[in-house]
Amino acid sequence: MALIKKLDPVTINHIAAGEVVERPASVVKELIDNSLDAGATQILVSIRNGGISEIEVSDNGGGMTEEDARHCLLSHFTSKITTIDDLETITTMGFRGEALPSIASISRLRLRTREPGAELGYEIKSEGGKIIAANPCACPEGTVVTVNDLFYNTPARYKFLKKDSLEAGYIADIMGKLALTRPDVSFRLLNEAGKSILYTPGNNDLLSAIYAVFDRKTAEGMIPFENNQPPVLLSGYISTPENARGNRARQVFIVNGRNINSRILSVAIDESIRGWFVKSRFPALVMQINIPQELVDINVHPQKSELRFWQEKEVFSAVYHTIQNALASVSGIPSVLEPNKDQMQSVLPASVGSERKSSTSTDISTIVVDSVDEKEQQRHEKLPDKSFSSTKTQSILFNDEAKDKQISYSDMLPDPLDEYIAMPLTRPETQTDLPEQVSSGQISLEHLDITGIQNARIIGVYANTYILLEMEGELVIIDQHAAHERILFEELLSKEPNQERKMPSQLLLKPLKMKITQLELAAVTEYREQIVQLGFDFEDFGVDSIVIRAVPEVRSELNPELAFSAVIEACVNENIKFANE
Amino acid sequence: MRFECSRTNLVEAINTVQKAVSSRSTIPILDGILLEVTDRIKLTGYDLETGIESKLDAEIYKAGSVVIKSRLLGDIVRRLPEEAVHFDKDENNIITIESGSSSFQLRGLPAEDYPKIPIVEDARQMIVPQKTLKEMIMQTSFAASIDESRPILNGINIISEQGTLSLVAIDGFRLAVRKEMIAGDLPDSQFIVPARTLNEVARVLEDEGDVNIFTSHNHILFDMGSVLVVSRLIQGEFMNYNSILPRNHETSMTISTRNLLSAFERASLVIRAEDRRFSVTLQTNSDDILSISAKTDIGTSHEELNIAMSGKLFDIDFNPKYFIEALKVIPDEEVLITFNGSLGPCVINPVEEDAFSYLVLPLRR
């Protein structure tokens, strides 16, 4: 008997469902994608028990004929592409023909649809992927898909579902992102009490959508940006440093109309905001990227949440420079850089002339004091292009920041970041003098063996910032500040959790109201007890906000909002560890 | 440019303006002090946020201007052998400094490249006694936030209303407010000034004379005669302190300022500076004795002070730093402290007057 057999379609769909449908939020996303592809301008989602008992997505899109309705529950039936070549120029959200059959295979699904102008609608019911009823019915124009009892036949998946409130939070989160992707479509999300959790007007104004999804303060403080230079066209809004958060949850990237996560884009943003944003604070951002379809591959992941750029460097550089320009255009922020430009202009012409040169050379003979400093001065004057070019200024900022840098996205990048940033600009000449290893920034921490550091000879301290040591014939430079932070960190970790009393918490002068997303709210509610143990005190405040009343009393002054957003992020990502666990 | 002046006066002027010279600027010229010679000598330090000008008299031979590295200039002038200092600058910005038999030659930077200190235009004017303003700054600036991510709280809110000047500082956990009636014409206005600037102003303020304060939409200027301080104002809306100060209280007590301060300082000896898990507890078991105690993994401390108290007995934890800093700036012999239970705001006032109020929130257990 043959051991290798073709799987039956139900099993195939089950497996596919595992890839496409992770949780109720994925169902919502797939169904909304379908609605958008059907040309809907209004999409209403209502959920019960965090979408586990019921998700209903109704739209006013094009609807389907009876035949199409029957086919749509079958695998790899799709109206969106016909041959593989179509993938190159795909403009619809879906194309794999997997979503609906996959969802149907793990739920009780009811689909009602009516084409505009058609007399009757058509209804199909399925259970675990098998069609159990199909008949004409009354139905509004468009399509209504009702998904009940998600994962009822896949107990393994069901087990991994989180609390209803958390699942509802994920749904609100994904819907918010989709709403930002399509400001021309009105989105509404209702909870089981019929209360509207999210509503966007669909007036094709991105700022209105930002207002609805984020909040008023963020929307009002948004800086617009745009890049019209092909191939990477960019537009959107980035928040001012005042509206920054401690996490990247409010960064939405839309590539060719598709909401995606991309490491390269996140890194580009992180790099471009250096010097404008306080360390580990991140802007809210909605970025629409239009790039020729043939330069991206979206068929990387079944959920289509990731994609591959064929010209990563161009994309990085376009994003980086567009954001830098946008931030620089806002007066008041880069106050130190502005006068520098003026100075550059005034210094340049003066120092180029040959007369000037001869006069500086006579100066050398007259200088008695501080000759090193003066030589330095002259070098500046002779090579103004090096010392004052804007590239240099930027890189100074980076280096300053970089020394404090802990783990960031950029550490995970394969190539040296400099190369990405420097793309359209020429590298500063001075760097060519450096040894290859240094200039390419490829010294990695793994290669640094500091086991013998106790026996190292201390040479001294440079600029009150770096400790210089001689160890086994090599020069070791320690960033004093970073080392100090590390010592404190270790100290905190080593401290035995104080069993008798929790961290004392300092009450705030004025309770701080903070707008948070449904997902974040659900997450912090889940971990409330542990968060309070840490010394925070907070309460729900309406459906979309919390009030912080107290923060942990720690060594240095704590920014309540910043501290709490770090806690939120930890809760949402579930990488939270508490001393008492 | 050529002049001769007194070393002592010059050192004083350099010390004053150096406070506004940024030590780590990316713009080289900002490391310098601008020296302008007309009928007097004017020194300027400016870090693009705060600018300080100081004028001094000298024997002027020839007018002119130049920028000299701030630290170098200060170090040289302080160490010059004689009181008489002679400055000379040639057309190539080479400066010669001579005093006694000692002579230095330094290269300066062209004065034209130095950024202009903003002119405070269309300004409103206030005239305040220097001594008063100094006290007001000392009693509030310590309570301003040093967290740069909250720029508004880095400032002190200066409010003039119906002839009363108030300075308010808030860091999110506590509030210090000092009010003073000011004689003369005081236009109603309010603005936020960086606490750092005010601390520099306080250093310059003397015990006699008036300070002229000019404010425009963006800038503030303090004119103290020979010294001017200009600063950018912080834009934004400051918290309304009146809505934070409680109107009622559950308990009030009168206590010696000095005794309470010493008791807090003693109690914090058992709290390691880097360990903030521990607090100082204020507790009453009767209406005439206050116990101040701390218990940590190092040890314990306990002491009792005589008080006059009315209202409910209490048992509240506080961050000792917040009490110590406030008690240090109260010159009065006795303070009146009111409490609102273990979670409500606690307010410290001098007994004699209500010109100064300080509010601090307890630590939650």
For this session: Write out the GluC sites (Glu not before Pro) in the stretch B:296-349 meeting two conditions: DSSP loop, and at most 15 other Cβ atoms within 10 Å of their Cβ.
Result: B:333
Exercise. Put +1 on the Cβ of every Lys and Arg and -1 on every Asp and Glu Cβ in the stretch B:153-233; which of B:193, B:165, B:214 then has its Cα farthest towards the positive end of the dipole?
Worked result: B:193
Seminar exercise, completed: With all protein chains in place and a 1.4 Å probe, residue A:248 shows an accessible area in Å² (nearest 10) of 60 Å²
Exercise. How high is the FRET efficiency from residue B:4 to residue B:206, r the C-beta distance, R0 30 Å, rounded to 0.05?
Worked result: 0.70
Problem set entry | Cβ-derived FRET efficiency at R0 45 Å, residue B:146 paired with residue A:192, nearest 0.05 | 0.40
Exercise. What residue among B:196, B:79, B:266 has the largest mean-square fluctuation in a Gaussian network model of chain B, using Cα springs under 10 Å?
Worked result: B:79
Problem set entry | Segment residue A:474-residue A:71, extension gain: residue separation times 0.36 nm, minus the distance between their alpha carbons | 138.0 nm
Exercise. For the stretch A:185-331, which whole percent of the accessible surface, found with a 1.4 angstrom probe, sits on carbon and sulfur atoms?
Worked result: 45 percent
Problem set entry | Placed amide H near residue B:332: partners under 5 Å, 5+ positions off or other chain | none
Problem set entry | Cα-projected label distance for residue A:515 with residue A:205, points at 7 Å along beta-carbon direction, nm | 1.5 nm
Exercise. How high is the relative contact order of the stretch B:2-113, in percent, counting Cα pairs under 8 Å that sit 6 or more residues apart?
Worked result: 29 percent
Exercise. So what J values fall out for the stretch A:311-320 if you push phi through Karplus, 6.51 cos²θ - 1.76 cosθ + 1.60 with θ = phi - 60°, rounded to Hz, Gly and Pro as x?
Worked result: 10, 3, 5, 4, 5, 4, 5, 5, 5, 4
Exercise. When the accessible area of the stretch B:124-242 is split by element with a 1.4 Å probe, what percent falls to carbon and sulfur?
Worked result: 47 percent
Exercise. All other residues with a Cβ under 12 Å from the Cβ of residue B:59 taken together, and with Lys, Arg as +1 and Asp, Glu as -1, what is their net charge?
Worked result: 0
For this session: Using only atoms on other chains, find how many Cβ atoms lie within 10 Å of each Cβ of peptide B:19-26 and report the average.
Result: 2
Exercise. Based on Cβ point charges of +1 for Lys and Arg and -1 for Asp and Glu, what charge dipole magnitude is obtained for the stretch B:64-128 about its Cα centre, in debye rounded to the nearest 20?
Worked result: 320 debye
Exercise. On average, how many beta carbons from a partner chain sit within 10 Å of the beta carbon of a residue in A:505-513?
Worked result: 6
For this session: Calculate, in nm to one decimal, what residue A:297 and residue A:156 gain on full extension: separation in residues at 0.36 nm each, minus their alpha carbon distance.
Result: 47.6 nm
Exercise. Cβ under 11 Å from residue A:61's Cβ, residue A:61 left aside: what net charge do those residues give with Lys, Arg +1 and Asp, Glu -1?
Worked result: -3
For this session: With label points built 7 Å along Cα→Cβ from the Cα atoms of residue B:306 and residue B:116, find their separation and express it in nm.
Result: 6.6 nm
Problem set entry | Residues whose placed amide H lies under 5 Å from that of residue B:234, excluding near-sequence neighbours | B:192, B:193
Exercise. Sequence-distant or interchain residues sharing an amide H contact under 5 Å with residue A:190, placed H: which?
Worked result: A:45, A:46, A:47, A:197
Problem set entry | Calculated FRET efficiency for the pair residue B:131/residue B:342, C-beta based, R₀ 41 Å, to 0.05 | 0.55
Exercise. Could you give the nm distance between label points at residue B:102 and residue B:242, where each point is 7 Å from its Cα heading toward the beta carbon?
Worked result: 5.8 nm
For this session: Can you tell me which of B:13-20, B:350-357 comes out highest on packing, and rank the rest after it, using the mean Cβ neighbours within 10 Å?
Result: B:13-20, B:350-357
For this session: Determine the relative contact order of the stretch B:245-360: mean sequence separation of Cα pairs under 8 Å and six or more apart, normalised by residue count, in whole percent.
Result: 31 percent
For this session: Determine the relative contact order of the stretch B:124-242: mean sequence separation of Cα pairs under 8 Å and six or more apart, normalised by residue count, in whole percent.
Result: 30 percent
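The values are calculated or read from the model by the stated rules, or taken from the named source; none is laboratory data. Remember, it's a predicted structure, so these values are computed and weren't measured experimentally. Reconstructed Cβ throughout: ideal geometry from the backbone, glycine too, with neighbour counts over all protein chains shown. Remember, those area values only see protein heavy atoms, side chains included, never the ligands or the DNA or RNA. Shrake-Rupley method; radii C 1.70, N 1.55, O 1.52, S 1.80 Å.
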